[in-house]
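Q: Here it is, the structure in full.
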Amino acid sequence: MENNDVPEIKSRLDIVELVGDYLKLRKVGAGYQALCPFHTEKTPSFYVSSERQSFKCFGCGAYGDIFTFVMKMEGIEFREALKILAQRAGVKLREANPELKSERDKLFEICEKATQFFIKQLKSSQQGKKSSQYLLERSLSQESIKEWRLGYAPDTWNGLMDFLKKEGFSLDEIKKSGLVVQKENTQTCYDRFRGRIIFPITDLQKRVIGFGARVFDPEGKTETTAKYINSPTTLLYSKSNVLYGLSRAKLSIREKDQIILVEGYTDVIMSHQAGFLNTVAVSGTALTPYQLKMLKRYSNRLFTAFDMDQAGSLATQRSIKLAQEQGLLVRVIVSPKEGSDPAEIISQDPKQWEKAVQSAKTSMEFFFDIAFSQHSKETPEGRREITGMLIPLIASIDGQIEQAHWVQELSQKMGVDEKSIFQEMGKVSFEEEEEKEESLSEVSILSRKEKLERRILGLLLSRKEKKIIILKKDLDLFSPAIKKLIDLAQQGQIDKIKAKSRKVANFLNVLEVNLEREGIEEEKEIDICLRELKNLDTRTHLEEISKQISEAEQKNQIKKVQKLIEKFKKFGESLIDN
């Protein structure tokens, strides 16, 4: 590349505008603030300076210019970030040596050529035309088929492979793209996708990186064939890191501040066709934390629309928990017609789908529906299953009023006293009384630190075979009440305190029983929890220093800022990798 490409691109682009396409920025003083996209946080510590044309996170330490930001956000190398930003800036790059192309460039070319091949087959081959007609019968429009670049893979062993070879690609390059498979213990290779409708999968720059393929077998000759298959993991594509349709949906997601997450490719296409442009789908895998972090860049309001059969229900429950861990607000879209997916509902009546989205259930409403529909409250076994599912969820709610509402709801549905539910939840806090006895107070909101403290205490209590000793320097991380109980447990005095206080006994018993159900390795889990507790303590210090740095910068206290940054770095180095 020419040496003046970088400064030329920088001169044409504004970092605030660029970052604003990824994150929701808020004007603060002379700069802008947002939640950092590179680590999980609830309080914004990510700052963008228009004057300096740079960004910095005082939480995780990430900083840089427009190139660094795009590299980190997209997970790409400088060369690719340069191309993306050059295109955005309208700067034409010249290759230092056009003959030298990176492996990634080759794979992008192969995926693009393959897409063109599949599109041509959809239009021209006999089976391709039949599959095209099938898509039209499913209410996909010709415009959608063209826009989403749908294609057809002929039912031949090497049609695509021969085409790509003629285009100048080596067999080794084609194999790296995942488009051909090498037969085990032989040199024989054949096309991965055969007799299937093809859905190209793109990155955020709309470049094809992989494919989803649906079997097209109108005569039902291959009943044992998987309905959908995907490209394998390649240098470009990993199904756990990709969301189908996100390149097209990201602007609408930001505008509406809402994500609609579905399961199928046609669900996404039909949704966009009907005007639900904020819809994306998982790419042949269960929802992953990486995908959720990617979605959170654009909105923290997630509406899921998965199948509601038993497998779909479990997938939704898992997705809700993962999303809530990432700090997203979750609602569940319930199909107005049981057994119908979004594409089917939209094809019949888009307004029905719009109404379903508008009346989406909260996560707790969904869990209550699942619990009471799958188990009978009239039998002891059913009651145990219902309370076993719902009580931990209610206990995890960060909000006393909302928590009390769901306790009341469960109390009424089950016909039990609210106090019994609170007691089972184990949501209690300790206060020292004048007699030095620990007792339980009113139900309180538990922070992550408090949850970790109680988990470690429960693990110590459930460890029967061999005592685990928490060192004094680590004990100082705990709140006074829990610290005292851990100390008593390590001295073998816990039974005495249980006998002295019924409330403490109930609380400790709940902790111990819950952990026994998990069947985990106590020693290993204690070590993990302690590491996280130390990191939480360190991050508390880092947040305080970040605030001090921000205040010092506003007052233009340069020397103080430098000292605080050094202090920040030292604390940052003490963070423990989990």
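Q: So which of Lys24/Lys56; Lys42/Lys472; Lys473/Lys559; Lys449/Lys496; Lys92/Lys146 end up more than 24 Å apart, counting from Cα to Cα?
A: Violating the 24 Å Cα-Cα cut-off are Lys42/Lys472; Lys473/Lys559; Lys449/Lys496; Lys92/Lys146.
Q: With a Förster radius of 30 Å, plug the Cβ-Cβ distance of Arg207 and Asp349 into 1/(1 + (r/R0)^6) and report the FRET value to the nearest 0.05.
A: With a Förster radius of 30 Å, E is 0.25.
Q: Quick check for me: using +1 on Lys/Arg Cβ and -1 on Asp/Glu Cβ, what's the dipole size of the chain about its Cα centre, in debye to the nearest 20?
A: So the dipole magnitude of the chain works out to roughly 1300 debye.
Q: So what is the orientation-averaged projected area of region 242-367, using the convex hull of its C-alpha atoms, in nm²?
A: So the mean shadow area of the Cα hull is 6.6 nm².
Q: Sort 277-284, 33-40 by packing, meaning the average of other beta carbons within 10 Å per residue, with the highest value first.
A: Going by the mean number of other Cβ atoms within 10 Å, highest first, we get 277-284, 33-40.
Q: Would you calculate, for the chain, the mean residue ellipticity at 222 nm contributed by helices, counting each DSSP H stretch of 4 or more residues as -39,500 (n - 2.57) and dividing by all residues, to the nearest 500?
A: Per the formula, -16000 deg cm²/dmol.
Q: Exposure proxy check: His375, His541 ranked by fewest other beta carbons within 10 Å?
A: Ordered from fewest to most neighbouring Cβ atoms within 10 Å, His375, His541 come out as His541, His375.
Q: Separate question: Extension gain Lys120-Ser411, at 0.36 nm per residue separation less the Cα-Cα distance, in nm?
A: Between Lys120 and Ser411, full extension yields 98.6 nm more.
Q: Still on this structure: Quick check: residue separation of Lys92 and Tyr63 times 0.36 nm, minus the Cα distance between them. What number comes out in nm?
A: Taking 0.36 nm per residue and subtracting the Cα distance, the gain is 7.7 nm.
Q: If r is the Cβ-Cβ distance from Asp162 to Lys72 and R0 is 41 Å, what FRET efficiency results, to the nearest 0.05?
A: 0.55
Q: Here's something else I'd like to know. Which cysteines does the chain leave without a neighbouring Cys Cβ under 4.7 Å?
A: Cysteines lacking a close Cβ partner in the chain: Cys60, Cys111, Cys189, Cys529.
Q: Tell me which DSSP H helices of the chain clear both cut-offs, 20 Å or more of axial length from alpha-carbon atoms and a mean Kyte-Doolittle hydropathy of at least -1.0.
A: Membrane-span-like by this criterion, though nothing is claimed about a membrane: 103-124, 310-325, 380-395, 400-414, 448-462, 502-518, 558-573.
Q: Peptides 410-419, 351-360, 292-301: what's the order by average Cβ count within 10 Å, highest mean first?
A: Going from most to least packed, we get 292-301, 351-360, 410-419.
Q: To the nearest 0.05, how large is the calculated FRET efficiency for Ser11 and Leu251 if R₀ is 35 Å and r is the Cβ-Cβ distance?
A: 0.85
Q: Obtain the nm distance between the two label points defined at Thr362 and Lys175 by a simple spin-label model: each point lies 7 Å from its Cα along the Cα-to-C-beta direction.
A: Label at Thr362, label at Lys175, 5.6 nm between them.
Q: Using label points projected 7 Å from each Cα along Cα→Cβ, tell me how many nm separate Arg138 and Lys83, to one decimal.
A: 3.1 nm
Q: If each residue's Cβ is checked for other Cβ atoms within 10 Å, how do Thr285, Thr186, Thr266, Thr387 rank with the fewest at the top?
A: Thr186, Thr285, Thr387, Thr266
Q: If you filter region 1-90 for trypsin sites (Lys or Arg not before Pro), then keep DSSP loop positions with at most 11 other Cβ within 10 Å, what is left?
A: Listed in order of number, the matching sites are Lys42.
Q: Quick one: what are the phi-derived ³J(HN,Hα) couplings along region 26-43, Karplus 6.51/-1.76/1.60 with θ = phi - 60°, whole Hz, x for glycine and proline?
A: 10, 5, 9, x, 8, x, 9, 10, 7, 6, 5, x, 9, 7, 7, 8, 9, 9
Q: Taking the Cα centre of the chain as the origin and placing charges on Cβ (Lys, Arg +1; Asp, Glu -1), which of Ala360, Leu277, Gln412 is farthest toward the positive end of the dipole?
A: With unit charges placed on the Cβ atoms, the residue in question is Leu277.
Q: Between Lys472 and Asn185, what is 0.36 nm times their sequence separation minus the Cα-Cα distance? Round to one decimal in nm.
A: Between Lys472 and Asn185, full extension yields 97.4 nm more.
Readers should treat all values here as calculations from the given coordinates under stated rules, not as data from a laboratory. Keep in mind the model is a prediction, meaning the values are calculated, not measured. Neighbour counts run over all protein chains shown; Cβ positions are idealised from the backbone, glycine included.
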